[in-house]
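Quick notes on the structure that follows.
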Amino acid sequence: EGLALVTDAASGDVAWIPAATLSVPDVAAALAELVGPGGRPLVAHDAKALVRSLDELDVDVRSLGLDTMIAAYLLDPAESRYALEELLDRYAGARLPTDDGPAEGELDFGGDGVDVGQQAARLALAVDRLAGPLSDALDARGLRSLNDEIEVPLVRVLARMEIVGVGVDVEELRRLSTELV
């Protein structure tokens, strides 16, 4: 539906770019430059999904520095949940704001009380708040090189495989199937 970018972490400023704006050629080109080779280090949660989405706009993400979901997995591979909200609580001691619907006297018209841009902004700030504690934990446990040299580059490779697909030798698979049965 769009993309939320933290523009000033200290003040909590976030820019929301709706999908329609992202598809404008000049905007997509600027985004490609921002996250392309030599671009600003990108921090995301479940970055593979972001890489696949941006690929539809011909934006090739090359500046991924940290995927908070993967970092959390490296720190605790036995954990089965890597939801952003839970990681924010666990590693940063913070919580996402909750909305209990519209304020008294306001109409909601059946919505959930928070528009998609505001929710995306909150999630982007959560990722920003997690980046420091997760990076520190990776360093403390000696996992920085595994994250930076193996896991983060693999995100783009796996996303590209999902986009392009993987070629297989059907005849060889059939042969193996009959051989193993």
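The values are calculated or read from the model by the stated rules, or taken from the named source; none is laboratory data. Model, not experiment: these values are computed from the prediction. Ideal geometry is used to build each Cβ from the backbone, glycine not excepted, and the neighbour counts take in all protein chains shown. Note: areas computed on protein heavy atoms with side chains; ligands, DNA, RNA excluded. Shrake-Rupley method; radii C 1.70, N 1.55, O 1.52, S 1.80 Å.
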Total residues in region 70-87, condition surrounded by 16 or more Cβ atoms within 10 Å (Cβ to Cβ), within 15 Å of the chain's Cα centre (by Cα) and aliphatic (A, V, I, L, M): 5
Helices (runs of 4 or more DSSP H) wholly inside region 1-72 that include at least 1 residues being of a type in the set (Asp, Glu): 25-35, 47-55
Residue check, residue 65 out of contact with any Cys (no Cβ under 6 Å at 6 or more places or on another chain), on the phi > 0 side of the Ramachandran plot and not β-branched (Val, Ile, Thr): no
Identity of the residue in region 19-44, open to solvent by 50 Å² or more (accessible area, probe 1.4 Å) and touching a helix residue (DSSP H, G or I) at 6+ places or on another chain (Cβ under 8 Å), that ends up farthest from residue 121 (Cα to Cα): 40
Residue 14 being hydrophobic (A, V, I, L, M, F, W, C), modelled with pLDDT of 95 or more and either touching a helix residue (DSSP H, G or I) at 6+ places or on another chain (Cβ under 7 Å) or open to solvent by 40 Å² or more (accessible area, probe 1.4 Å) (or both): no
Extreme residue, most open to solvent (accessible area, probe 1.4 Å), among residues of region 60-69 that are of a type outside the set (Lys, Arg) and closer than 8 Å to residue 35 by Cα: 60
